[in-house]
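Quick notes on the structure that follows.
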Amino acid sequence: MNAANELNPQETAAREAALAHVKAAEKAAAQIPVGNAAARPIARAAVIGAGTMGGGIAMALAAAGIPVTLIDATQEGLARGLARIGDNYESSVKRGKLEAAVRDERLARIAGSLAVADVKHADIVIEAVFEDLALKQGIFRELDVHAKPGAVLATNTSGLDIDEIAAVTKRPADVVGAHFFSPAHVMRLLEVVRAAQTADDVIATLMDLGRRMGKVSVLARIYPGFIGNALFRNYNREAHFLVEDGALPHEVDAALKDFGYAMGIFAVHDMAGNDVGYQTRKAQMATRPTDRRWNDLILKLVEMGRLGQKSGKGWYRYEPGSREPQRDEELERFIVEESARLGIVRRPISAGEIVKRCVYGMINEGAKLLEQGVALRASDIDVVYVTGYGFPAHRGGPMYYADQIGLASVYRDVKRLYDEYGYWWKPAPLLEKLAAQNGRFADL
């Protein structure tokens, strides 16, 4: 991609049109089918779980002027969570991002507790504990007992079936998904997830609460990973397959940065920690289907102690005190050996192929979400991706980008990749249909 000052008039116009699309898409996302349902009043809140996510949600609520009780199961966990909140505010004051008086006002709105019964005055309770269905169900059974009638009961799950959480309560109409992104007091995206019995006014309440917190709220339905993580799985999976097929991490990352991402996927893994989700993925290996290709490279990196920046090496190596990724011959040698062990003949892979395989997999998944009604409109998917996942805004989002290329062209490549690689690339029926009609996602 040319530097901004080297863009020709056509490229400049295309960027401006994409940015205008993103702005319009954010406004459109607020238009949701809830009839005349009005938002329930939210004057007080409670958050269950004082970890990084729970603390961030409490900060977001406090910034919106809402008093919040932060509840944790242990004194140690609560103290750690409240200390983290204090440190975050202190850092903002030192950087000149926040007035000391504003910090004090917000801190005064956050109270700590060890008792779930202290949700009793809250108009909304947001559960933000570890991603474990049984644990969340246990909490919602307690909320059913202690929360006042009419309180909204929200779960911050990033992909569990919210119907199964709602089913343990006597008030499933009050249960909703509120998927915040970390750090929750900074990230602008909020996925509001409608379960089978969620009441319209509960949806209206969450959308309005997101607005009060300065977030872009996007409505989704239950689906593995909802909108954002459903697409991200495809992006992530293909990046790892590309490394097995012949690319090296720095080549994948360079192609994605040239496309417009601020960081490549492997640098992101190293920053977040390669061990994030390790136990879950390891447990899934025993029962996952055997009719498709999987990638376990990241699990092997964890077992080698290559956790990323925090251990000084991951997909890259890091000099002491530096976060700048450096190529690592040891890691690259390991990748080449793994390809051989898997019987894969490595080949040179172009930047163009890297971008197509990472981005077109998301587009194909997006088409599935649209045809199943998981996302209301294509522009909602674009908003989720630009706001929450770093998709370059000047590309307009994955579905807008697909429309600009032409869906017939995208479909041809998806079909070719399906013929070559199988299962994960099966074309979405909606993509095939629109391609045949010379249609666009924007026209749906």
Handout entry: DSSP bridge orientation in the chain - percent antiparallel, rounded to nearest 5
Key = 25
Practice task
Please get the size of the charge dipole for segment 1-128, origin at its Cα centre, with Cβ charges of +1 on Lys and Arg and -1 on Asp and Glu, quoted in debye to the nearest 20.
Solution key: 200
Practice task
For segment 228-444, give the magnitude of the charge dipole about the Cα centre (Cβ charges: +1 Lys/Arg, -1 Asp/Glu; no others), in debye to the nearest 20.
Solution key: 360
Practice task
Compare the Cα positions of 28, 121, 88 along the charge dipole of the chain (+1 at Cβ of Lys, Arg; -1 at Cβ of Asp, Glu; about the Cα centre) and return the one farthest towards the positive end.
Solution key: 121
Fill in the blank from the handout: Among 429, 378, 388, the residue whose Cα sits farthest towards the positive end of the charge dipole of segment 228-444, when +1 is placed on the Cβ of each Lys and Arg and -1 on the Cβ of each Asp and Glu, is 429
Completion exercise
With Cα coordinates, the longest principal axis of the chain makes an angle with the long axis of helix 52-63, in degrees rounded to 10, of 60
Exercise for the section: May I ask for the angle, rounded to the nearest 10°, between helix 351-371 and the longest principal axis of the chain, with both axes built from Cα atoms and the value confined to 0 to 90°? Expected result: 50
Handout entry: Column: log10 I(q)/I(0), Debye, Cα scatterers of segment 45-222, q = 0.13, 0.14, 0.17, 0.20 Å⁻¹
Key = -0.58, -0.67, -1.00, -1.39
Handout entry: Dipole of segment 45-222 [Lys/Arg +1, Asp/Glu -1 at C-beta], most positive-end residue of 198, 182, 169
Key = 182
Practice task
Work out how much length residue 31 to residue 146 would gain on full extension: take 0.36 nm times their residue separation and subtract the Cα-Cα distance, in nm to one decimal.
Solution key: 38.1 nm
Exercise for the section: Mind pulling the angle between the C-alpha long axis of helix 133-146 and the longest principal axis of the chain? Nearest 10 degrees, somewhere in 0 to 90. Expected result: 20
Handout entry: Mean residue ellipticity (222 nm) of the chain, computed from DSSP H runs ≥ 4 via -39,500 (n - 2.57), nearest 500
Key = -15500 deg cm²/dmol
Exercise for the section: Calculate the length of the line joining the C-alpha centroid of segment 120-179 to that of segment 269-283, in whole Å. Expected result: 26
Problem - All lysines inside 21 Å of residue 215 as judged from Cα atoms, apart from same-chain residues fewer than 8 positions distant - result: 23, 27, 97
Exercise for the section: Sort the following peptides by mean Cβ neighbour count (other Cβ atoms within 10 Å, averaged over residues), highest first: 351-363, 136-148, 312-324, 288-300. Expected result: 351-363, 136-148, 312-324, 288-300
Problem - segment 53-114: trypsin sites (Lys or Arg not before Pro) falling in loop per DSSP and having at most 13 other Cβ within 10 Å - result: 95, 97
Problem - Cβ charges +1 (Lys, Arg) and -1 (Asp, Glu), total dipole of the chain, debye - result: 420
Fill in the blank from the handout: Inter-part gap, Cα centre of segment 349-379 to Cα centre of segment 4-73, in whole angstrom, is 22
Exercise for the section: Have a look at the DSSP beta bridges in segment 45-222 and tell me what percent are antiparallel, nearest 5. Expected result: 15
Handout entry: Relative contact order of segment 45-222, pairs being alpha-carbon contacts under 8 Å that are 6 or more residues apart, as %
Key = 21
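Coordinate-derived values only; no laboratory data. Keep in mind that this is a model prediction, so the values were computed, not measured. We place every Cβ from the backbone using ideal geometry, glycine too, and count neighbours over all the protein chains shown.
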